[in-house]
Amino acid sequence: MLQLIKNVESVEVEEVKNLFAWDVVENPIYLGNGQRVQNHKAISRSDNGAVLNVCKDSYTPTTNEQFSEFVYNLSKITGYELAKFQEFQDGAKVIAFLDAPETFLNGWKFQNLLAVGNAHDSSKAFFVANTSVMIRCTNQFTKLSNNADMKAFHTTGNAGQLRQIERSIHQYGHQQKALNQNFERLNSQPATEERLEDFLRHMFDLENDFSFEAEENKVSSRKSNQIIDLVEAIEIEANDLGQTDFALFNGVTRWTTHTRNQKQKTFGNIFGTNAQLNDKALNFLLN
């Protein structure tokens, strides 16, 4: 179940330390004959007992309480107010967003948020990321940092790594500036019809010599519908933004935010296939 709380003031009044109504607990694992499984444990929810992870004993979870303390400390350090928080995949992943200063590109306004995320299922390290929402279309994109100082891995030293993130949070501003510069670069690069076709081949893993006109190069109905949906999204963006790489990128973020189905979506497209597609588009257009 997705938990999304927007009224932050009520949280402050109640002085709730943990943003979530539950935490993770560690339990031993037993076989059917009662024998304990050595060197492994289960990570489960404290409220309903749902198992989120089966992992080695060396795995050290970052609890929701630690996560919440980190978010509140980050709010104090940056001056950014808590905007919202979510559960994803029944609590296997948790996210919080802090409101960061807005930015502008050619008169288009972007809502920026500092995203903090943690995975209880071993799929990701504890991380801090940049989330951008283009106000005119509410297209959402999140850029995770590649800097090791902005991540905390689930080991016995993760408490120290969380403190390192707090000390390195000034890098968020550098990351936001770099992201804005990338957007400016995309906005200055014209996108020809040939560029669009190369882009579509890349996004859908088609061969370089694939022709969108040739009968013999037909694709499955599912993929064909996806291509049509993305092309329509790109056309909408190009009409507003111009025939540029920036329109190609925003076509993808429009597609993943508003059109493409995903079993569970997160604000900012942080997790899942939609996040991977956004990254795939940006990496192609910048390289």
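Taken together, the values in this text are just the output of simple stated rules run on the coordinates, not laboratory data. Quantities reported herein were computed from a predicted structural model and do not represent experimental measurements. No Cβ is skipped: glycine too gets one built from the backbone with ideal geometry, and neighbour counts run over all protein chains shown.
One table, with the values for the structure above:
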read-out: Structure-based [θ]222 nm, the chain - -39500 (n - 2.57) summed over DSSP H runs of at least 4, per residue, nearest 500; value: -12000 deg cm²/dmol
read-out: GNM top mover of N182, N274, N130 - the chain, alpha-carbon springs below 10 Å; value: N182
read-out: Cβ-based net charge around A233, under 13 Å, with every Lys or Arg adding one and every Asp or Glu removing one; value: -3
read-out: Exposed trypsin sites (Lys or Arg not before Pro) absent - longest run of the chain, DSSP non-H/G/I/E/B, at most 16 other C-beta within 10 Å; value: 18-135
read-out: Max mean-square fluctuation residue, GNM over the chain, Cα-Cα springs under 10 Å, options A92, A159, A119; value: A159
read-out: Whether the range 52-111 is rounded, prolate or oblate, judged on the alpha carbon gyration tensor where a/c under 1.5 counts as rounded; value: prolate
read-out: Kirkwood Rh in Å, taken over all unlike Cα pairs in the chain; value: 20.8
read-out: Packing-based exposure ordering (other Cβ within 10 Å, fewest first) of V24, V54; value: V54, V24
read-out: Calculated FRET efficiency for the pair H258/D209, C-beta based, R₀ 41 Å, to 0.05; value: 0.80
read-out: Ascending count of other beta-carbon atoms within 10 Å, so fewest first, for D205, D245; value: D205, D245
read-out: Global form of the range 189-286, assessed from the alpha-carbon gyration tensor, a/c cut-off 1.5; value: oblate
read-out: Restricting the range 180-260 to GluC sites (Glu not before Pro) in coil, as DSSP defines it, with at most 10 other Cβ within 10 Å; value: E207, E213
read-out: Around S132: net Lys/Arg minus Asp/Glu count, Cβ-Cβ under 14 Å; value: +1
read-out: Gain upon complete extension [R185, N287; 0.36 nm per residue less C-alpha separation]; value: 35.6 nm
read-out: Segment T156-K218, length gained on full extension (0.36 nm per residue, minus Cα span); value: 17.1 nm
read-out: The range 95-149 versus the range 50-65: alpha-carbon centroid distance in Å; value: 25
read-out: Max mean-square fluctuation residue, GNM over the chain, Cα-Cα springs under 10 Å, options T155, T62, T131; value: T155
